[in-house]
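Notes follow the structure.
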Amino acid sequence: MEFLNTYLLSIVLAALFANIAIALYGVFFKPHYIKKLIALTIFSDTANTFAIYLGYRRWTALGSPRVPVLVELEKDAIREFTARAVDPLPQALVLTAIVIGLAVVLFLVFLGYVLYGHYKTLDMREIKKLRG
Amino acid sequence: MRSIELVVITVVVLALALLIAVAYENIIPSTAVRKVAEFYLYAAYNPFDLREYTAMSPEAVTSIVWDFRGLDTLFETAVFFLALIAGMALARGLYRETPQFKSEGLSLIVKSVTKITAPVIIAVGVSIGLHGHLTPGGGFQGGSVIAVAPMIFIVIFSVYFVLERGVAPSKMLVLRSLGLAGIGLTSVVLFMIALLRGSFAYVFQNMIKPGASISMPAEISGALISGTLWFFNFFEMLAVAAGFSMAFIVVVLMRFGKGE
């Protein structure tokens, strides 16, 4: 059981790395601006998942980790909660990062719109040729 | 060329997999990291032992976002604000808020379903936002959910339908500014009160801190609101929902003139 848990977590981690590789491939080699943008969102989402994953650990002998939300407002419940809940700090950082990421992607969409208005194309190979 | 790219990607993936396999023990952060998490979890809601440090919120994530690391979130809100302002600056002069022509939209079935589901989406968003200090969620998530509703209306009906109903970018800008002003006011309200009363309080203070005995109400008539957290969540929800609605509408409205 211990091995199985470790193995499943390793698969998740490896899949995240593969996702990063695919996203970087998309950002660097896809010629179209919108496709680059999509690859960029995949990259940022992968990074966010990775951060969440860092917070999740089988820390304790008390069993599986639990959500960092206190259900019973009692003294004993708080002690058990402290021992078992996952690290809330990465979650707090990711929560804001997602919204900021969305806002930045919206900015890039606006930028792409202006780019299209200027060059009449979003193909990066064409834009590189035009120079100015 | 394509085969070279494929080989590079494959090698990267295989190397990283090997790295994980070899260094698995070291990828897991050491238990020293856990001390920080334990403090946050212990202090999130603890009126019994840590009255001078607790945020009085059962939701540890929200207590970090708006209390323990509130200044971080304030600056992240500033980044959000600046990104949208930059986008609006790029769009300036490229859109008109007056409806240009009548449009039909999709079929009656889709429209009816949208009219039923859109209020539900908004209600869910508000619920997520206002219960942010009790359950998973908060202003950011609630605002993002609310912003889905105008987007659906734009797709199903048309952007002019949304404009005719009064959801114009300029009004959204006002609403968003109100939200941001609310966040600013909430962060200094205790400081101002303390100045008026001649006592001492920190900026961004929520509950009692050592040396600053003034506090926001943790609950109002039995309902837990966790002091500033509820207000921060509310105003952040307003700012995020209005900001994203504005950006979506403007993206769809942007047109280049015939001259270009």
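Derivation of every value follows stated rules applied to the coordinates shown; laboratory data play no part. Since the structure is predicted, the reported quantities are computational estimates derived from the model, not experimental observations. We place every Cβ from the backbone using ideal geometry, glycine too, and count neighbours over all the protein chains shown.
A few comments on the model shown:
- Spin-label model, B:L185 to A:Y116: label points 7 Å out along the Cα-to-beta-carbon direction sit 4.0 nm apart.
- Charge tally in the Cβ shell below 11 Å around A:L130, where Lys, Arg are +1 and Asp, Glu are -1, A:L130 excluded: +3
- The overall shape of the protein assembly as shown, judged from the alpha-carbon gyration tensor, is oblate: a/c is not under 1.5, and a/b is no greater than b/c.
- Normalised by the number of residues in the range B:70-253, the average gap of Cα pairs under 8 Å and 6 or more apart makes the relative contact order 28 percent.
- Cα convex hull volume per residue for the range A:2-130 (Å³): 103
- Here is the list for the range B:167-260: trypsin sites (Lys or Arg not before Pro) lying in DSSP coil, each with at most 10 other C-beta atoms within 10 angstrom of its C-beta, are B:K258.
- Residue order, fewest to most beta carbons within 10 Å, for A:H32, B:H133: A:H32, B:H133
- Sparse-neighbour loop sites [chymotrypsin sites (Phe, Trp or Tyr not before Pro); the range B:207-259; at most 15 other C-beta within 10 Å; DSSP]: B:F256
- Amide proton proximity set for A:A85, modelled H, under 5 Å, gap of 5+: A:R66
- The protein assembly as shown: calculated mean residue ellipticity at 222 nm from DSSP helix runs of at least 4, using -39500 (n - 2.57): -22500 deg cm²/dmol
- Reach of A:K75 by Cα under 24 Å, taken over lysines that are not fewer than 8 positions away in the same chain: B:K35, B:K209
- Scalar couplings 3J(HN,Hα) for the range A:14-23, obtained by applying the Karplus form with A = 6.51, B = -1.76, C = 1.60 to θ = phi - 60°, are 5, 5, 5, 5, 4, 4, 4, 4, 4, 5 Hz; x denotes Gly and Pro.
- Look at A:V71, B:V33 and count the other Cβ atoms within 10 Å of each Cβ; fewest to most, that gives A:V71, B:V33.
- By the Kirkwood approach, averaging reciprocal distances over each pair of separate Cα atoms, the range B:42-187 gets a hydrodynamic radius of 17.9 Å.
- Among the trypsin sites (Lys or Arg not before Pro) in the range B:31-110, those located in a DSSP loop and surrounded by at most 15 other Cβ atoms within 10 Å of their own Cβ are B:R51, B:R92, B:R96, B:K102.
- Magnitude of the charge dipole for the range A:2-130, about its Cα centre and with charges confined to Cβ atoms of Lys, Arg (+1) and Asp, Glu (-1), is about 640 debye.
- Each residue of the range B:210-218 was assigned a 3J(HN,Hα) from its phi angle through the Karplus expression (A = 6.51, B = -1.76, C = 1.60, θ = phi - 60°), giving x, x, 9, 8, 7, 8, 6, x, 6 Hz with x at Gly and Pro.
- 22 Å Cα-Cα reach of B:K111 towards lysines, excluding residues that sit fewer than 8 places from it in its own chain: B:K102
- Cα-based shape type of the range B:136-250, given that a ≥ b ≥ c are square roots of the gyration tensor eigenvalues and the cut on a/c is 1.5: prolate
- Arranged from fewest to most other beta-carbon atoms within 10 Å of their beta carbon, B:D67, B:D72, A:D123 become A:D123, B:D72, B:D67.
- Dipole-positive endmost among B:F161, B:L185, B:I122 within the protein assembly as shown (Cβ charges, Cα centre): B:F161
- The lysines whose alpha-carbon is closer than 20 Å to the alpha-carbon of A:K128, local same-chain residues fewer than 8 away aside, are A:K30, A:K35, A:K36, A:K120.
- For the range B:67-76, 3J(HN,Hα) per residue [Karplus equation, 6.51 cos²θ - 1.76 cosθ + 1.60, θ = phi - 60°, Hz, x = Gly/Pro]: 10, 5, 10, x, 5, 3, 5, 4, 6, 5
- Span from the the range B:85-138 Cα centroid across to the the range B:219-238 one, whole angstrom: 24
- Value of Rg to Rh for chain B, rounded to two decimals, is 1.09; Kirkwood radius and Rg both from alpha-carbon coordinates.
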